[in-house]
C-alpha cells in the first residue's frame, strides 16, 4: 500500500488530478477508478505529471531549425533545451514546490512513498522527445531500441506504483517482463500519433519493413485508399502489441495487491481496445471500456455513470 500521506489524500489536489485524466487520458481515468484511494491518488498524480512532461517533449518534433510557423513564432526549442525544461519540472516538483496546478502538487509525496524518482519520468520523457524526432525507421528492431529508452524508466515507476516486491522485480527475468509490458504501452502511444505525424510532418514512426509485410508503400498511405492502408497497418501493430503485453504480464507475480494486478490487466486490455478502435476508425466509448473489463464487473456501470458526465 502507498503510505498515508496527507498531500496525497488532499481532496482538491486529488480531484484535480482525476479531472486532468478524465479529459486528457480517459483510459487511465477509467483504470484508476478501480484502485483503492491511496493508489488512485498516486497513479493519477503521476499520470498528470507525465502528461505535463509529454507536452514539453512534444512541443516540437524537429531537431534544430523548424519550419512549423507556430514553433517559429515562439522560438523553436532544441532537444537539449526541452530536456532541460523536463528535468527542471521534475526537480521542482520533487522539492515539493507549489506550482499553481493542483493536479501536479503533491507529487513529491508520491515518489517518496512509492520508491521511484522523478528522474525516472524525466528520463522517459526525454527519450520520448527523441522518438518524436524520428523521420524514418527501417526495422522493428531499430524502433524497439528507441522505444525501450522510454519503457525502461517507465518500468521503474510502474514497479513502484504497484508496490511490486523489490526482490522479485529486480530479478532479470521479471524486470524484462515488466519492460516488455511497458514497451507495449509505448508502442500504442506511437500508433496513436503515427498518422498525424505522417500527414502533418511527413514523419513515419512505424517500421518500413512493416509496410513491406503489409504490401503497402508511402505513396499508398497518402493516396485515395489511405484509410484502408492505415487500418491494415494498425491491425498489424495490434498483433505485435498483444504479444508484448500478454508475455509481459507475467511480471504481475511480483505484485501482492489484487487491485493493482487487476488495474495492470485492465490497462493492457484497454491498450489493445484503443488499437482496434484506431484500426476501425471508431471512438473508444465508455461502454466499450466496460466490455473490455476482465470478467463480470456489474459495479463498473454504476461507477462510470456516476463519475463521467453525460453517462
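Mind jotting down the distance between the C-alpha centroids of region 22-47 and region 163-195, whole Å?
So the separation of the two Cα centres works out to 18 Å.
Step by step: find N for region 134-280, compute 2.2 N^0.38 Å, then divide the Cα radius of gyration by it. What's the final number?
1.12
How much FRET efficiency would the formula 1/(1 + (r/R0)^6) give for residue 224 and residue 192, where r is the Cβ-Cβ distance and R0 is 22 Å, rounded to 0.05?
It comes to 0.40.
Could you work out how far apart the two model spin labels at residue 285 and residue 141 are, taking each label as a point 7 Å from the Cα in the direction of the beta carbon, and quote it in nm?
4.5 nm
What does the convex hull of the Cα atoms of region 167-235 come to per residue, in Å³, rounded to a whole number?
98 Å³
Give me the distance in nm between label points sitting 7 Å out from Cα along the Cα-to-Cβ direction at residue 243 and residue 101, one decimal.
Distance between the two pseudo-spin positions: 3.7 nm.
In what order do 17, 222 fall by count of nearby beta-carbon atoms within 10 Å, going from fewest to most?
Starting with the residue having the fewest Cβ neighbours, the order is 222, 17.
Note down, for region 218-284, the three equivalent ellipsoid semi-axes (square root of 5 times each alpha carbon gyration tensor eigenvalue), biggest first, whole angstrom.
Value: 32, 12, 6 Å, ordered largest first.
Bear in mind these aren't lab numbers, they're just calculated from the coordinates by the rules spelled out. Bear in mind that the values here come from a model prediction, so they are computed numbers and not experimental data. Because the Cβ atoms are built from the backbone with ideal geometry, glycine has one as well, and the counts that use them run over all protein chains shown.
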